[in-house]
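The values are calculated or read from the model by the stated rules, or taken from the named source; none is laboratory data. Since the structure is predicted, the reported quantities are computational estimates derived from the model, not experimental observations. FYI the Cβ positions are ideal-geometry reconstructions off the backbone, even for glycines, and counts take in every protein chain you see.
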Amino acid sequence: MLTERMELLSDPKTLVLAVIAVVILGMAKGGFSGFGALATPLLALALPPSQAAALLMPVLLVQDVVSVWSFRHSWDRWIVAWMAPGALAGVVLASVLAALVPEERLLLVLGLITLGFGLYRLWIERGGRIVAASTSPGWIGALFGVATGFTSQVAHAGGPPFQMWVTPRRLEHQTYVGTSSVLFAMVNWMKVPSYLALGTMTRETLHAGALLLPLAIVATLIAVRLIRRMNAHSFYTIIYALMVLLGLKLTWDGII
């Protein structure tokens, strides 16, 4: 049984990239939202993209439990109520159009938008400037929910659309993390049926993912601890900086 579980991770390059990807996901689930979109492209350097995404799915599901439990008392129900139905529609749409959506073009568009948004927010909030919180209506959030579900299904890259609608609302930073945790826990379970239907979640990928679970839990708990010690301004500055880096990475992936 152990030999079977180790088959996917027997190559040193695959193992190292899988460990780094799991740590990245742990940081994302612990509160550094959007950062997790780097994990699948990273692991795809050693495995086919669909297999990389499937291997990380059980890791994501367990990390969701840790992050939701950690922030169970601090999440915005109004935001989740508006975004979740849209996210479900986005997941279904991406599943139906899986063969028709060129992932590279999607990543390019998402990368450019994420890069521009991150730079814009860093500029208007430079030097500790206080910007009025957004009060956009819930139906706008539902549209961003569709984008969140769609990009999450296609490339595990649902973080940027979520950030674009939620970060300008200037939630208390632990509430922001809790809201992200609850929404993406729901989104990841929405994605499971399509992964099973497409045959990408196999016994082999599930066993390999299971071996990585202890590291996944530890990485998430460390990130949660860091988030709770961080002040709100530093938190949002880091989020926007991560969006810039992520935007550059997604743009690069979309070009090459």
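Scan the helices (runs of 4 or more DSSP H) fully inside region 88-197 and keep the ones with 2 or more residues being of a type outside the set (Val, Ile, Thr), more than 17 Å from the chain's Cα centre (by Cα) and modelled with pLDDT under 85.
Qualifying helices (runs of 4 or more DSSP H): 103-124.
For region 33-51, check the following and say yes or no: at least one residue is closer than 24 Å to THR251 by Cα and free of Cβ contacts under 8 Å to residues at least 24 places away in the same chain.
Yes, region 33-51 has at least one match.
Can you give me the number of residues within region 65-80 that are part of a helix (DSSP H, G or I), surrounded by fewer than 17 Cβ atoms within 10 Å (Cβ to Cβ) and in contact (Cβ under 8 Å) with a residue 40 or more places away in the chain?
Final tally of qualifying residues: 2.
Quick check on ALA185: is it buried (at least 24 other Cβ atoms within 10 Å of the Cβ) and touching a helix residue (DSSP H, G or I) at 6+ places or on another chain (Cβ under 6 Å)?
No.
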